[in-house]
1. Which count do you get for residues in region 50-64 that are small (G, A, S) and closer than 10 Å to A11 by Cα?
2. Among the residues of region 19-45, which ones are of a type outside the set (D, E) and part of a loop (DSSP other than H, G, I, E, B)?
3. Here are some residues: V74, V66, V55. Which one is touching a helix residue (DSSP H, G or I) at 6+ places or on another chain (Cβ under 6 Å) and of a type in the set (V, I, T)?
4. Of all residues in region 1-18, which are among the polar types (S, T, N, Q) and either crowded, with 19+ Cβ neighbours inside 10 Å or assigned to a loop (DSSP other than H, G, I, E, B) (or both)?
5. Mind checking which residues of region 46-62 are assigned to a strand (DSSP E or B) and either on the phi > 0 side of the Ramachandran plot or of a type in the set (K, R) (or both)?
6. If we scan region 63-77, do we find a residue that is aromatic (F, W, Y) and over 14 Å from S131 (Cβ atoms)?
7. Going by the conditions given, is V92 among the hydrophobic types (A, V, I, L, M, F, W, C) and either over 23 Å from A13 (Cα atoms) or buried (at least 16 other Cβ atoms within 10 Å of the Cβ) (or both)?
8. I'd like to know if region 66-77 contains one or more residues that are touching a strand residue (DSSP E or B) at 6+ places or on another chain (Cβ under 8 Å), within 16 Å of F5 (Cβ to Cβ) and charged (D, E, K, R).
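No value in this document is a laboratory result; all are computed from the given coordinates. Everything numeric here is computed off the predicted structure, so don't read it as measured data. Please note: Cβ atoms are built from the backbone with ideal geometry, for glycine as well, and neighbour counts cover all protein chains shown.
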Amino acid sequence: MALLFPSAAWASAYRDAINENALYAKTAASWDQGAIALVCKAAPALGLEAAQAIVLDLQHGKCRAVEYTGDLAVLEATPFIIEAEYAQWKAVIGGELDPIRAMLAGQLRLAKGHLPTIIRDVEGSKQLVLSARDIETEFLG
């Protein structure tokens, strides 16, 4: 059964997919920089009236927890925030857009955090994206 992106169910499935990805566990074993929030901007034309965030509590190759929220105030303590339009997240999950290149090109925006730290963990980032692709996803529109 396909899960709607973004949603709490999709976020939970994403946590599970990350934790089942042995290459992520290996390549991100040294990640100790904390949580990353993936923020999808509002897309009223698609029925997404407000921005939504998926906050991944990442530590040493594991996703310890995930939170799906429309309350962006909770992101204040999140060390890394990546935001983009719905179309960009759809392209990343669909394998049409590389997230590191997209950040460098401004298609994904690092709204908070240290870009060299994210770029240094290219393989871990790649495995996070590949984990997202393992989820049977239904997109808006």
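1. 1
2. Of everything in region 19-45, those that are of a type outside the set (D, E) and part of a loop (DSSP other than H, G, I, E, B) turn out to be N21, A28, A29, S30, W31, Q33, G34, A35, K41, A42.
3. Selected residue: V66, the only one of V74, V66, V55 that is touching a helix residue (DSSP H, G or I) at 6+ places or on another chain (Cβ under 6 Å) and of a type in the set (V, I, T).
4. Once the filter is applied, which keeps residues that are among the polar types (S, T, N, Q) and either crowded, with 19+ Cβ neighbours inside 10 Å or assigned to a loop (DSSP other than H, G, I, E, B) (or both), region 1-18 yields only S7.
5. The answer is K62, and nothing else.
6. yes
7. yes
8. yes
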